[in-house]
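Structure first, commentary second.
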Amino acid sequence: MFFDLVFVVAVSIASVQLHHQLSEAHVLEGVANYAVVFFGIWWAWMNFTWFATSFDTDDWLYRLLTIVQMGGVLVLASGIQAAFEDQDYVVLVLAYVVMRIALVAQWLRASRSAGDTRRSTTTYAVGIAAVQILWLASLLLPAGAFWVAVILLFAAELSVPIVAERQAGTPWHPHHLADRFGLFTLILLGESLLASANAIIEALHEGDTLGPLIGVAVLTLVVTAALWWVYFWAPHHTAIGGLGLSLGYGYGHYFVFAAAGALSAGIEAEIDVITGHSKLGPVVASFAYTVPIAVFILGIWVLVMRRSAGRHVNIIVPAGAVLVLIDPLIPIPFAVTAVVLTGVVVALIWKDPLDRTQQLPAESGDTAVSA
C-alpha cells in the first residue's frame with residue numbers, strides 16, 4: 001500500500017499537467033505526453049507487482065530495494081512538468097532506469113534460489129538490464145529520433161516478460177495479483193475524486209456559477225462510485241491464468257489505470273470551461289472526462305466482466321460506455337452521464353441469473369477479491 005501511494009504521487013502530477021495542457025487547448029500534445037509518462041509509471045509498478053507475487057521475501061534487503069524503487073518514482077515525478085512543458089525527458093528516463101535497475105537486482109537475487117524457474121528469472125534480469133542501457137543511449141539522440149526510440153523501447157519492455165515466461169514460467173498467485181490491481185485502482189479513483197473535489201471547492205470560492213458546479217460535483221461522485229462498482233463486480237482472479245490470459249489482464253490495465261488517473265484532469269478541464277478559464281470549447285472539454293470513463297468501463301468489460309456476465313449485462317455495459325462517450329453531443333451531458341452510469345450499476349445489481357450466482361458455491365472463499 002505504501003509502495004502504491006508513492007506511485008500515485010507521480011500519477012497525480014501527470015494528471016495535473018494533462019489538465020493544464022487540455023485547458024490550453026493542446027489536446028493531442030497533452031494526451032501524447034500523458035501516455036508516455038504514464039507508461040513509465042505503470043510499467044515500473046506492474047513489473048514489481050508481478051515479481052512480488054512470486055518472490056516477495058519481505059526481508060531487509062527486499063524492503064531496501066523496494067524503497068529505492070519508491071525513491072526513483074519520486075524523482076520521476078519531479079521531472080514530469082519538464083516533460084510536458086519542454087519535452088525534456090532526461091529526468092524521467094534517469095529515474096525510470098533507477099527503478100528498473102533496482103528490479104534487476106531483485107531478479108538476480110531471486111534467481112539464486114529459483115530452482116526450475118531460474119532460466120526465467122535470469123532472462124528477466126538480463127532483458128530488463130539490456131533495455132535500460134538502450135534507454136540511457138536514447139538520451140543522446142536528436143528529438144525526432146528519440147520519439148522513434150521511445151516507441152521501440154516500449155515494445156522491447158513489453159516483450160521481456162513474454163520471452164522470460166516462455167523459458168520456464170514463474171509462479172504467480174491470481175488472488176494476490178487481483179488484490180494488488182484492485183488496491184491500485186481504488187487509490188487512483190480516490191486520487192481523482194480528491195483532485196476533482198479540490199478543483200470544485202476552489203471554483204466555488206472564486207465564481208458565481210453555483211448550479212453547474214453542483215452538477216459537476218454530483219457527476220464526479222456518481223462517476224467514481226459507478227467505476228468502483230463496475231471494476232469490482234466480477235471476480236478478477238478468474239482472468240489470470242495461462243500466460244496469454246495473464247499478460248492480457250496485466251497489459252490491458254494500462255488503459256484502465258491511465259483512464260482512472262486522467263478522470264480528474266477531464267473534470268478539472270470541464271470546471272475551467274464553466275468558470276471561463278479554458279481555451280477549449282464546451283464539447284471538447286466534455287469529451288475530456290467522458291473518454292476516460294468510457295475507456296475504463298470498456299477496458300474492465302473486455303478484460304474481466306464479459307467472462308462472468310450473462311447476455312443482458314454484456315449488452316448493457318458496453319452500450320452504456322458508448323452512450324457516455326457520445327454524451328457531450330447531447331445538450332445536457334451532466335444529467336445523461338449520471339443517468340447512464342446509474343443504469344449500468346442497476347443492471348449489475350439485477351444481473352442475469354447466470355452472471356455470478358452459479359459461481360458463488362465454488363468461490364465462497366474468494367470474498368475479499370469479489371467484494
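The values are calculated or read from the model by the stated rules, or taken from the named source; none is laboratory data. Everything numeric here is computed off the predicted structure, so don't read it as measured data. Because the Cβ atoms are built from the backbone with ideal geometry, glycine has one as well, and the counts that use them run over all protein chains shown. Heads up: the accessible areas ignore ligands, DNA and RNA and are worked out on the full protein's heavy atoms, side chains in. Shrake-Rupley method; radii C 1.70, N 1.55, O 1.52, S 1.80 Å.
Observations
- Per-residue SASA remark: ARG119, around 150 Å² accessible (1.4 Å probe; ligands, DNA and RNA not included).
- With all protein chains in place and ligands, DNA and RNA left out, the 1.4 Å accessible area ranks ARG118, ARG306 as ARG118, ARG306, largest first.
- Rounded percent of accessible protein surface that carbon and sulfur make up, the range 154-297, 1.4 Å probe: 71 percent
- With all projection directions averaged, the alpha carbon convex hull of the range 26-99 covers 4.9 nm².
- Accessible area per residue for the chain, computed on protein heavy atoms with a 1.4 Å probe, is 43 Å².
- A Cα-only calculation for the range 141-186 places Rg and Dmax at 16.1, 45 Å.
- Protection proxy ranking of 214-225, 43-54, 274-285, by the mean of other Cβ atoms within 10 Å over each peptide's residues and highest first, is 43-54, 214-225, 274-285.
- Projecting the Cα positions of VAL126, ILE151, PHE184 onto the charge dipole of the range 108-199 (unit charges on Cβ atoms of Lys, Arg, Asp and Glu, taken about the Cα centre) puts VAL126 furthest along the positive direction.
- Cα-based shape type of the range 151-249, given that a ≥ b ≥ c are square roots of the gyration tensor eigenvalues and the cut on a/c is 1.5: prolate
- Listed residues TRP107, TRP229, TRP60 arranged by accessible area, highest first, probe 1.4 Å: TRP60, TRP229, TRP107
- Nearest-20 debye value, the range 1-115 charge dipole, Cβ charges on Lys, Arg, Asp, Glu: 480 debye
- When the inverse distances between all different Cα atoms of the range 211-314 are averaged and flipped, the Kirkwood radius reads 15.0 angstrom.
- Alpha-carbon centroid distance for the pair the range 37-62 / the range 207-233, whole angstrom: 32 Å
- The chain - percent relative contact order, Cα under 8 Å, separation 6 or more: 17 percent
- The solvent-accessible area of ASP56, taken with every protein chain present and a 1.4 Å probe, is close to 80 Å².
- Note on the chain: Cα-Cα pairs beyond 31 Å make up 38% of the total pair count.
- Rounded, prolate or oblate (a/c below 1.5 giving rounded, otherwise prolate when a/b exceeds b/c) for the range 59-170 by Cα gyration tensor: oblate
- Prolate/oblate/rounded call for the range 106-202, Cα gyration tensor, a/c under 1.5 rounded: oblate
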